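Shown next, in structure tokens, is the structure this report addresses.
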Amino acid sequence: MDFEPPFHENYKTLLQNKPDKLDDENGGRQPPPQLMLIEHCELPLIDLSHLQTRGSSVVGAKCKENIVEAARKWGFFQILNHGVPPEILESMKHEQTKLFRLPFQKKAELSFLNLLPSPSLPSSLPTKSYRWGNPQATCLKQLPWSEAFQIPLASISRMKESDNFRVAVETYGMTVANLAALITEILAEGLGVKGANYFKENCTLSTCFLRMNRYPPCPLASQVFGLMPHTDTDFLTVLCQDKIGGLQLMEGERWVSVKPNPNALLVNVGDLFEAWSNGVYKSVKHRVMASQEVERFSMAFFYCPFKHTLIESPLKPALYRSFSFEEYKAQVHRDVQANGDKVGLSRFLIQ
């Protein structure tokens with residue numbers, strides 16, 4: 001099929017030198033006992049309609065408490081009645097499928113999607129939207145069996161794609177940006193600080209990203225990841241996923257599998273919020289497992305600030321030194337280039 005990325009051709013050497021099974025994060029062939037996988041976990045499921053309950057401030061307050069507690073304990077939670085209309089979700093899923101069904105050569109063109117630089121992206125980093133695999137991979141555990149379009153929402157008005165695609169992305173982006181702003185405000189209140197103005201001033205639609213993911217069927221599903229273990233480099237991520245499953249997150253020292261809920265969106269805390277909350281909210285490592293038989297789709301909305309935004313916790317004494325988003329992104333990029341992996345917030349801990 002002409003829309004599939006050429007994994008077998010481009011990574012022939014790596015695939016020929018494949019191990020018997022997927023390498024673990026420590027480079028070994030056998031999973032260490034402290035990283036045992038539990039089949040499924042039930043993430044907190046929070047009904048946001050309770051925030052709008054008339055005449056019951058108690059119900060609304062309890063809903064906020066549940067959001068705060070989930071961000072503290074899990075770093076992940078699911079939300080129902082989130083305010084994103086089903087027709088908007090279906091329109092985005094339809095446009096996403098059409099996009100990934102384009103011929104690979106078309107997707108790989110440098111000019112495809114005609115992207116503009118994002119006000120949240122350091123100018124030294126690449127702005128190409130389409131990416132697949134990992135050109136720097138030196139072993140199978142560094143090769144994600146997936147393809148993705150990462151779209152700076154500042155680029156929407158300049159897209160040359162169809163009006164349907166442009167309208168779908170803009171409508172979805174605006175709706176989810178409002179949802180992310182609501183959740184960050186609640187989380188700021190949970191710290192006992194007023195953070196609404198900080199996020200309104202520093203996070204706008206033009207600073208956010210939408211990443212559309214496709215995980216093709218993988219004949220080597222036991223040997224590669226769909227997406228390697230990582231944390232998110234943002235304040236908050238809102239994920240819409242299909243019913244296939246494959247997302248796993250780290251709970252303590254074990255990997256747990258997240259069962260998809262077709263009626264819910266998934267929210268997780270990013271590195272910036274962990275730093276801003278002084279470690280109260282957790283940016284949790286997660287990964288996507290490859291599937292041998294079926295393809296998987298997801299859409300991740302990244303709630304990001306302007307690149308010069310200062311990330312500094314209002315809580316003292318601070319665990320992390322202050323840094324700009326641009327500085328953090330550039331450091332992550334250097335670490336990935338040098339080591340094949342992200343180091344993350346530990347580089348910014350105050351000793």
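Tabulated values for the structure
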quantity: Top-ranked residue in region 214-237 [being assigned to a loop (DSSP other than H, G, I, E, B) and under 11 Å from the mean Cα position of the chain (by Cα); ranked as surrounded by the most Cβ atoms within 10 Å (Cβ to Cβ)]; calculated: PHE235
quantity: Close pairs (8 angstrom Cβ cut-off, 6 or more residues apart or separate chains): without any contact (Cβ under 8 Å) to a residue 24 or more places away in the chain in region 300-324, of a type in the set (Ser, Thr, Tyr) anywhere; calculated: HIS308/SER324; LEU310/SER322; LEU310/SER324; SER324/THR309
quantity: Within region 179-212, tally of residues that are open to solvent by 70 Å² or more (accessible area, probe 1.4 Å) and among the aliphatic types (A, V, I, L, M); calculated: 0
quantity: So VAL280, is it among the aliphatic types (A, V, I, L, M), closer than 17 Å to GLY344 by Cα, in contact (Cβ under 8 Å) with a residue 24 or more places away in the chain and assigned to a loop (DSSP other than H, G, I, E, B); calculated: yes
quantity: For VAL176: the one exception among (1) of a type in the set (Val, Ile, Thr); (2) assigned to a helix (DSSP H, G or I); (3) open to solvent by 10 Å² or more (accessible area, probe 1.4 Å); calculated: (3)
quantity: Every pair of residues 6+ apart whose Cβ atoms lie under 8 Å, when the first sits in region 168-182 and is under 11 Å from THR204 (Cβ atoms) and modelled with pLDDT of 95 or more while the second is open to solvent by 40 Å² or more (accessible area, probe 1.4 Å) and of a type in the set (S, T, N, Q); calculated: ALA177/THR204
quantity: SER146 being within 25 Å of PHE235 (Cα to Cα) and modelled with pLDDT under 85; calculated: no
quantity: Per-region count, region 301-329, residues open to solvent by 20 Å² or more (accessible area, probe 1.4 Å) and over 30 Å from LYS93 (Cα atoms); calculated: 15
quantity: Selected residue (criterion: nearest to ASP234 (Cα to Cα)) from residues of region 54-72 that are at pLDDT 95 or above and of a type in the set (A, V, I, L, M, F, W, C); calculated: ALA71
quantity: Restricting region 73-86 to residues that are of a type outside the set (Gly, Ala, Ser) and crowded, with 16+ Cβ neighbours inside 10 Å, the residue that is nearest to ASP232 (Cα to Cα); calculated: PHE76
quantity: Enumeration of residues in region 316-351 that are of a type in the set (A, V, I, L, M) and over 17 Å from ASP232 (Cβ atoms); calculated: ALA318, LEU319, ALA338, LEU349, ILE350
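Yes/no matrix, rows are residues, columns are (1) outside any loop (DSSP other than H, G, I, E, B); (2) more than 13 Å from SER298 (Cα to Cα); (3) within 16 Å of the chain's Cα centre (by Cα); (4) among the aliphatic types (A, V, I, L, M):
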residue	(1), (2), (3), (4)
LEU239	yes, no, yes, yes
GLY245	no, no, yes, no
MET250	yes, yes, yes, yes
TRP255	yes, yes, no, no
PRO260	no, no, yes, no
ASN263	no, yes, no, no
LEU272	yes, yes, yes, yes
ALA275	yes, yes, no, yes
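The values are calculated or read from the model by the stated rules, or taken from the named source; none is laboratory data. Treat the numbers as computed from the prediction; the structure is a model and nothing was measured. Neighbour counts are summed over all protein chains in view; Cβ atoms, including those assigned to glycine, are modelled from backbone coordinates with ideal geometry. Protein only, heavy atoms only, side chains kept; ligands, DNA and RNA dropped before computing areas. Shrake-Rupley method; radii C 1.70, N 1.55, O 1.52, S 1.80 Å.
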